[in-house]
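The structure under discussion appears below in the form of C-alpha cells.
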Amino acid sequence: MRTAIFAGAACALALLTPAFSATPGAGAFAVEQQGDRGSPLVFIPGLASGTWTWKAEAARLAKSHVVYLLSLPGFDGRPAIAGTTLESLQADLLKLIEGRHLLKPVLIGHSLGGTLSLAFAADHPDSISGVVAVDGLPVFPGTENVPDRAPLAQGARAQIENQTKDQFTQYQQTYMARFGVIDEARARMLAEWSSRSDPRAVADFAAQILLLDLRPKLKSISVPVTEISPFYAPDFAAMGVDEAGKANYYRMLLTGIDKLDVVSISPARHFVMFDQPEKFSAALDEALAKVYE
C-alpha cells in the first residue's frame, strides 16, 4: 500500500543501526528524536515499514530541524497493539504534538503515513504547518469509483493475516521486486526489513486503507501539501500512462486541497527515497521551503 547511499554493505548496516535510542511515544507510537534546534518535522513510515525509511533524510535534516521519527505498532519488529486504527493514530499524533509542545510541525509521510498525514491535516489544520505525502493518497488508487470497497478490504486481510513467517517474507520479496524499488539488490534488502512486521497488523492496516476515502474532507486542509509521485515508465507502459498523466491523476484524487503541489520523480517506484535519493532530497527541501516561505 516503497547513488551513493547504497554504495556497499557498510552503508546498509549504517541505516539499520539506530543513531539514537527509541523511547515510548504518544499512545501507540514509538518516537525517536534527532536534532535539538529548528522547526519540527515528523516522519511517518508506510505499511510494514519502519524508521529505516527515513534514516538518510533524518540525519540530513536534523542539522537544521528537530526531527521526530515515528514507529507504528506491529511494524518493523514492534508488537501489535489491539484496537489501533488510523483514527486512534490521529489522536496519538495530536497527543505527541501537544505533549511535546511542537510548534506546528510539518508531517512527512510515506504511503500509509502520507494518508495518515492528510487525514490529520483535514481534522487538525491548526496544529501543523504543512504535509509532504510520499505516494500516500486520500483514497487507494484505482478504487476511487468502487461503490463498495469492503470486499477489497476483506480480500486483502484474508490474503495476508494468516501467512507464516516464511510466506510473509516471500510476499514482501515479491512486492518489493515488483512495486517497491527498481534495483533488485535494494528490493531484497527492503524486503528483509519489511518482513520483520507482524502479518496480522499489516493485514489490518491494509484493510483500513482500502476502506478509507478522505476526499470529502480535503477542502478542510488549509496548510500547504506536497504530494510526491514516483514514476517508472515500464510499470505504466501497458496502461498507456505517461509521467504527466500519473501526476495529473494524483492531482485529481487530491482535488479540494487549496495549496497543493504534485511533484513527480522518475525513474522511481513506491520507495522513491531509495531509488532516487538526490532527487527526493531536493523535492523535500523545495516542499519545506514552500511551507516556510
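Starting at the first residue of the range 191-207, write each ³J(HN,Hα) from the Karplus equation 6.51 cos²θ - 1.76 cosθ + 1.60 with θ = phi - 60°, in whole Hz, x for Gly and Pro.
In residue order, the calculated couplings are 5, 4, 5, 5, 6, 6, 7, 7, x, 5, 5, 4, 4, 5, 5, 4, 5 Hz.
Please list 3J(HN,Hα) in residue order for the range 173-189, calculated via the Karplus relation 6.51 cos²θ - 1.76 cosθ + 1.60 where θ = phi - 60°; whole Hz, with x for glycine and proline.
Once θ is set to phi - 60°, the couplings for the range 173-189 become 5, 5, 4, 5, 6, 8, 10, x, 9, 7, 6, 5, 5, 5, 4, 5, 5 Hz.
Please give me the summed charge of the neighbours of residue 267: other residues whose Cβ is under 11 Å from its Cβ, Lys and Arg +1, Asp and Glu -1.
Taking every Cβ under 11 Å from that of residue 267, the sum is -2.
Between 170, 152, 190, whose Cα lies farthest towards the positive end of the dipole of the range 128-232 when Lys and Arg beta carbons carry +1 and Asp and Glu beta carbons carry -1, centred on the Cα centre?
152
Return the long-range amide H neighbours of residue 30 (sequence gap of 5 or more, or a different chain), with a cut-off of under 5 Å between placed amide H atoms.
Correct list: 25, 71.
For the chain, what does -39500 (n - 2.57) per DSSP helix run (n ≥ 4), summed and divided by total residues, give at 222 nm, in deg cm²/dmol to the nearest 500?
About -12500 deg cm²/dmol.
Arrange the peptides 145-154, 268-277, 168-177 so that the one whose residues have, on average, the most other Cβ atoms within 10 Å appears first.
Packing proxy ranking, top to bottom: 268-277, 168-177, 145-154.
Over the range 228-293, what is the relative contact order in percent, taking alpha-carbon pairs closer than 8 angstrom and at least six residues apart?
Relative contact order here is 37 percent.
For the range 97-120 and the range 186-263, what is the separation of their C-alpha centers, rounded to whole Å?
16
Taking the Cα centre of the range 9-292 as origin, work out the dipole magnitude from +1 charges on Lys and Arg Cβ and -1 charges on Asp and Glu Cβ, in debye rounded to 20.
280
If the limit is 20 Å between Cα atoms, which of 55/290; 246/279; 259/279; 217/279 go over it?
In this structure, 55/290; 259/279; 217/279 exceed 20 Å between Cα atoms.
Return 65, 124, 101 ranked ascending by Cβ neighbour count within 10 Å, so the fewest neighbours appear first.
101, 124, 65
For Cα extents along the principal axes in Å, the choices are [x] 63, 40, 34; [y] 43, 43, 39; [z] 49, 37, 34; which was calculated from the structure?
[y]
Readers should treat all values here as calculations from the given coordinates under stated rules, not as data from a laboratory. From a predicted model like this one, the values you see are computed outputs, not experimental measurements. So basically every Cβ, Gly included, is an ideal-geometry build from the backbone, and we count neighbours across all protein chains shown.
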